[in-house]
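The values are calculated or read from the model by the stated rules, or taken from the named source; none is laboratory data. Nothing here was measured: the structure is a model prediction, and the numbers come from that model. Note that each Cβ is placed from the backbone with ideal geometry, even for glycine, and that neighbours are counted across all protein chains shown.
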């Protein structure tokens, strides 16, 4: 025993860390997990690449239109990117602590109010037949983007608080149309009017992104497939009726079926995007050397920036973008799987689905696999409000993936005396008697 004490004192004198000192090291930081690093890397790469492509797609046309050196959109992209990064940093540190139930409800009510107000003449700004933005000089704000993240937060919270009304394990909720209504009504009465207000703007693309994201949340919550089938049929019929009822959407649907038949009218943008993709080939014509973005392709820096990427960087450039989104998908799903608590799991699933559904829809539109919807490419397109919302979503994902968010603290009930506690006290008393009972007891 004396030798053990001496060796302990010698180890302390040499500065070696004992087991107790290793456990109590106050300044040691825990390295972020793999999903945290992957998500951060992919987001920053997409953001940097987006800045380059926004400058490449917007500056030549700005110079030709007499807008100085053509860096207006590029500068605004950097400004809103900085705002989004600040929001991402704050939400990474305290996301789940800030966005409690009361804040989520206020965010949802505020989004509804803004969606109604944006359609009032004198408040909302009408651009190309759509009234979707508030404007203050060169700065525009799109309230439907705020509604997207508000709905994800609300639906994730509802599904986490009412697991028995959704999951497959609930026999009562799984019987008949009554159980279906009980499971879906609290979500439908909020998400339905929100999507309807977005469609009326009109902005069918954002409504589709919201619908797909909520569907993914219902799948993650365990809703039976027959319920999802009913929802899919009802949503498909509703979208078809809305598209046929609005001449604007009906023309887009017709142009999607045969864009080359209306290549000088409704199908002009889709055709020019396909020409840009075909001109790039495998390696592209070179960064900044696109011809379509200057003279032919409308909205080159926003909805159809992927066509510019395909023309300048070729198929490899598009594959690089898809690979970065794949990294976000892997990191987001890994975060959802490793998160502690049903709410954190569902929220991570919803935020990841929000980013991926929007990215997939934009890619399908540019490739000619879906009708024109006006949905920007996440982190890359020039879309200030969308950029801030996407970065805020990444901040929440980073917060969920942090080691501190997954750490559980075990608290014993007051007055509880376990067998382990009694055994530990018995060993402590025995060690105390051995150390203070004199030389005869220690020798024996």
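Of the helices (runs of 4 or more DSSP H) lying entirely inside the range 347-444, those containing at least 3 residues that are modelled with pLDDT of 95 or more and under 30 Å from residue 55 (Cα atoms) are 384-401. Of the residues 384, 376, the single one that is under 17 Å from residue 149 (Cβ atoms) and touching a strand residue (DSSP E or B) at 6+ places or on another chain (Cβ under 7 Å) is 384.
Just checking, does the range 325-340 include any residue being surrounded by fewer than 23 Cβ atoms within 10 Å (Cβ to Cβ), out of contact with any helix residue (DSSP H, G or I) (no Cβ under 8 Å at 6 or more places or on another chain) and farther than 19 Å from residue 61 by Cα?
Yes: the range 325-340 contains one or more residues that are surrounded by fewer than 23 Cβ atoms within 10 Å (Cβ to Cβ), out of contact with any helix residue (DSSP H, G or I) (no Cβ under 8 Å at 6 or more places or on another chain) and farther than 19 Å from residue 61 by Cα.
Say we look at the range 285-305 and pick out the residues that are free of Cβ contacts under 8 Å to residues at least 60 places away in the same chain and more than 30 Å from the chain's Cα centre (by Cα); which of these is nearest to residue 252 (Cα to Cα)? Among those residues, the one meeting the criterion is 296.
Among residues that are touching a helix residue (DSSP H, G or I) at 6+ places or on another chain (Cβ under 9 Å), over 26 Å from residue 390 (Cα atoms) and either assigned to a helix (DSSP H, G or I) or at pLDDT below 80 (or both), residue 212 is not included. Contact annotation: residue pairs with Cβ atoms under 6 Å, 6 or more positions apart or on different chains, pairing a residue in the range 367-395 that is on the phi > 0 side of the Ramachandran plot and touching a residue at least 24 places away in the same chain (Cβ under 8 Å) with a partner that is in a loop (DSSP other than H, G, I, E, B) and buried (at least 22 other Cβ atoms within 10 Å of the Cβ), are 374/303. Looking at residue 165, is it at pLDDT below 90 and on the phi > 0 side of the Ramachandran plot? No, not satisfied.
For the range 224-251, what are the residues that are surrounded by 11 or more Cβ atoms within 10 Å (Cβ to Cβ) and more than 28 Å from the chain's Cα centre (by Cα)? Selection gives 244, 246, 248, 250, 251.
Does residue 309 satisfy the condition of being surrounded by fewer than 24 Cβ atoms within 10 Å (Cβ to Cβ), touching a helix residue (DSSP H, G or I) at 6+ places or on another chain (Cβ under 6 Å) and closer than 27 Å to residue 62 by Cα? Lay out the reasoning, then the answer.
On the way: surrounded by fewer than 24 Cβ atoms within 10 Å (Cβ to Cβ): no; touching a helix residue (DSSP H, G or I) at 6+ places or on another chain (Cβ under 6 Å): yes; closer than 27 Å to residue 62 by Cα: yes.
In short, no.
Restricting to the range 321-340, and then to whatever is in contact (Cβ under 8 Å) with a residue 60 or more places away in the chain and under 21 Å from residue 300 (Cβ atoms), can you tell me which residue is farthest from the chain's Cα centre (by Cα)? Filtering first and then ranking leaves 321.
Pairing residues of the range 63-89 that are at positive phi and in a loop (DSSP other than H, G, I, E, B) with residues that are surrounded by 15 or more Cβ atoms within 10 Å (Cβ to Cβ) and at pLDDT 70 or above, at Cβ distances under 9 Å and at least 6 apart in sequence or on separate chains, gives 68/62; 70/55; 70/58; 70/59; 70/60; 70/61; 70/62. Answer yes or no as to whether residue 107 is closer than 20 Å to residue 395 by Cβ, assigned to a helix (DSSP H, G or I) and under 16 Å from the mean Cα position of the chain (by Cα). No: the conditions fail for residue 107. Inside the range 341-350, can you point out the residues that are surrounded by fewer than 20 Cβ atoms within 10 Å (Cβ to Cβ) and either farther than 30 Å from residue 221 by Cα or touching a helix residue (DSSP H, G or I) at 6+ places or on another chain (Cβ under 6 Å) (or both)? Listed by number, the residues that qualify are 342, 343. Kindly establish whether residue 84 is modelled with pLDDT of 95 or more and within 23 Å of residue 209 (Cα to Cα). Against the criterion (modelled with pLDDT of 95 or more and within 23 Å of residue 209 (Cα to Cα)), residue 84 qualifies.
Restricted to the range 135-157, and to residues that are modelled with pLDDT of 85 or more and in contact with a strand residue (DSSP E or B) (Cβ under 9 Å, 6 or more places away or on another chain), which residue is surrounded by the most Cβ atoms within 10 Å (Cβ to Cβ)? Checked the range 135-157; the qualifying residue surrounded by the most Cβ atoms within 10 Å (Cβ to Cβ) is 144. Test residue 299 against the criterion of being crowded, with 20+ Cβ neighbours inside 10 Å and under 15 Å from residue 274 (Cα atoms), and give yes or no. No: the conditions fail for residue 299.
Considering each residue of the range 187-198, count those that are surrounded by 19 or more Cβ atoms within 10 Å (Cβ to Cβ) and within 19 Å of residue 358 (Cα to Cα), and give that number. Residues flagged as surrounded by 19 or more Cβ atoms within 10 Å (Cβ to Cβ) and within 19 Å of residue 358 (Cα to Cα) within the range 187-198 amount to 5.
Per-residue answers, yes or no, for (1) at pLDDT below 95; (2) surrounded by fewer than 14 Cβ atoms within 10 Å (Cβ to Cβ); (3) part of a loop (DSSP other than H, G, I, E, B); (4) touching a strand residue (DSSP E or B) at 6+ places or on another chain (Cβ under 9 Å):
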{"residue": "94", "(1), (2), (3), (4)": "yes, yes, no, no"}
{"residue": "102", "(1), (2), (3), (4)": "yes, yes, no, no"}
{"residue": "119", "(1), (2), (3), (4)": "yes, no, yes, yes"}
{"residue": "132", "(1), (2), (3), (4)": "yes, no, no, yes"}
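Scanning the range 241-270 for residues that are in a helix (DSSP H, G or I) and either in contact with a helix residue (DSSP H, G or I) (Cβ under 9 Å, 6 or more places away or on another chain) or in contact (Cβ under 8 Å) with a residue 40 or more places away in the chain (or both) yields a total of 19. For residue 113, the requirement of being without any contact (Cβ under 8 Å) to a residue 24 or more places away in the chain, exposed (fewer than 14 other Cβ atoms within 10 Å of the Cβ), more than 20 Å from the chain's Cα centre (by Cα) and in a strand (DSSP E or B) is not met.
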